[in-house]
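Engineer: I am attaching a structure below and will ask some questions about it afterwards.
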Amino acid sequence: MEEKQEVRKVRRKFTPEQKFEILKDIERCRTIKEGLAKHHLADSVYYKWKRQLEVGVPASLRNGRPVKSADLKRLEAENRKLKEIVLNQACLISELKKEMNLD
């Protein structure tokens, strides 16, 4: 009996800067196929990175969520605080109505 050996490809992780450099290098090759072979990348990865690059290097080539701006973070924090204030006020109003038998 022959034993089959599993050949597993190692999943590589690239930084946004590495992805950008690889994309630039592939663009410099005579053909995209040649560049993909040079870097051992699937064409689907190449086109995904190209789409992400349209948004911007630091934000989109990351392996995860896009970076949030400082203004957006500040607004989200303010929104959380305001929601908490409204909830507290709604609870106080409800308690006052019960005390005054208005409900």
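The values are calculated or read from the model by the stated rules, or taken from the named source; none is laboratory data. These figures come from a predicted structure and were not determined experimentally. Cβ coordinates were reconstructed from backbone atoms using ideal geometry, including for glycine residues, and neighbour counts include every protein chain displayed. With ligands, DNA and RNA removed, areas are computed over all heavy atoms of the protein, side chains included. Shrake-Rupley method; radii C 1.70, N 1.55, O 1.52, S 1.80 Å.
Yes/no matrix, rows are residues, columns are (1) part of a helix (DSSP H, G or I); (2) among the aliphatic types (A, V, I, L, M); (3) touching a helix residue (DSSP H, G or I) at 6+ places or on another chain (Cβ under 6 Å); (4) at pLDDT 85 or above:
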position: Lys9; (1), (2), (3), (4): no, no, no, no
position: Gln18; (1), (2), (3), (4): yes, no, no, yes
position: Lys24; (1), (2), (3), (4): yes, no, no, yes
position: Glu27; (1), (2), (3), (4): yes, no, no, yes
position: Lys33; (1), (2), (3), (4): yes, no, no, yes
position: Tyr47; (1), (2), (3), (4): yes, no, no, yes
position: Gln52; (1), (2), (3), (4): yes, no, yes, no
position: Val55; (1), (2), (3), (4): no, yes, no, no
position: Gly64; (1), (2), (3), (4): no, no, no, no
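Engineer: Sticking with this structure for a sec: Provide a single number: the residues in the stretch 4-26 that are open to solvent by less than 70 Å² (accessible area, probe 1.4 Å) and among the β-branched types (Val, Ile, Thr).
Structural biologist: Matching residues across the stretch 4-26 total 3.
Engineer: Answer with yes or no whether Lys68 is closer than 30 Å to Leu23 by Cα, open to solvent by 90 Å² or more (accessible area, probe 1.4 Å) and either part of a helix (DSSP H, G or I) or modelled with pLDDT under 90 (or both).
Structural biologist: Yes, satisfied.
Engineer: Can you tell me which residues in the stretch 71-88 are farther than 30 Å from Val55 by Cα and open to solvent by 100 Å² or more (accessible area, probe 1.4 Å)?
Structural biologist: Residues satisfying the conditions are Lys81, Lys83, Glu84, Leu87.
Engineer: Say we look at the stretch 27-42 and pick out the residues that are farther than 18 Å from Phe14 by Cβ and not acidic (Asp, Glu); which of these is most open to solvent (accessible area, probe 1.4 Å)? Quick ask: steps written out before the conclusion?
Structural biologist: Our first condition is that a residue be farther than 18 Å from Phe14 by Cβ; within the stretch 27-42, this holds for 30-31, 33-34.
Now drop any that are not not acidic (Asp, Glu), which leaves 30-31, 33.
On the way: Arg30: 207, Thr31: 70, Lys33: 166 Å².
Filtering the stretch 27-42 for residues that are farther than 18 Å from Phe14 by Cβ and not acidic (Asp, Glu), the one most open to solvent (accessible area, probe 1.4 Å) comes out as Arg30.
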